[in-house]
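The values are calculated or read from the model by the stated rules, or taken from the named source; none is laboratory data. Keep in mind that this is a model prediction, so the values were computed, not measured. All Cβ positions, even for glycine, are placed from backbone atoms using ideal geometry, and neighbour counts span all protein chains on display. Heads up: the accessible areas ignore ligands, DNA and RNA and are worked out on the full protein's heavy atoms, side chains in. Shrake-Rupley method; radii C 1.70, N 1.55, O 1.52, S 1.80 Å.
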Amino acid sequence: GGGPGPGLGYRGGDRGPGGEREIDESNLYVGYIPRSMREPDLHSLFETYGGVQEAKIITDKVTGESRGFGFVKFGDKEAAKAAVENLDGYQIDGRRLAVRVAGQKGPPPRSSRPPPQQFNRGGPQPRGRGQ
């Protein structure tokens, strides 16, 4: 076993119109992966939704322990989309997976955020029952 090979080779090509940042929608970030889960487990979980090209769990360089997140690369973005819809929040080993397109930071920040909810504790509140 030699050292780690070169990083993910990105083949050029299909750059659609309006490509602001190159976000590959078929490449998913997976967070909150339980330590018991290995790459083959990740692969088989995700391939339910389409052809998985690569399933990778990031490990600590020193200890080799899972760092609790990884990436899954699908052959097409429709499959990736189905996996996000079905597996984001999927509960496994007491954890909920976080699944999203790699490189996307959740919902776009442009949308104006609603003002924070005000929780008023008004209204009559029962004070201990008379004993």
- Report the full-extension gain for the segment GLU47 to ARG96: residue separation times 0.36 nm, less the Cα-Cα distance, to one decimal in nm. 15.8 nm
- If amide H atoms are built 1.01 Å from N in the plane of the peptide, which residues on other chains or at least 5 residues away come under 5 Å of the amide H of GLN53? LYS73, PHE74, GLY75
- Item | Local electrostatic count at TYR49 - Lys and Arg +1, Asp and Glu -1, tallied over other residues with Cβ under 10 Å | -2
- Subtract the Cα-Cα distance of GLU39 and GLN104 from 0.36 nm times their separation in residues, and report this length gain in nm to one decimal. 21.2 nm
- Amide H contacts under 5 Å for ILE92, restricted to residues at least 5 apart in sequence or on another chain and with H modeled in the peptide plane, are LEU97
- Around VAL101, which amide H atoms from residues at least 5 apart in sequence, or from another chain, sit under 5 Å from its own amide H, with H modelled in the peptide plane? TYR29
- For the stretch 22-97, what % of the accessible area comes from carbon and sulfur atoms, probe 1.4 Å? 44 percent
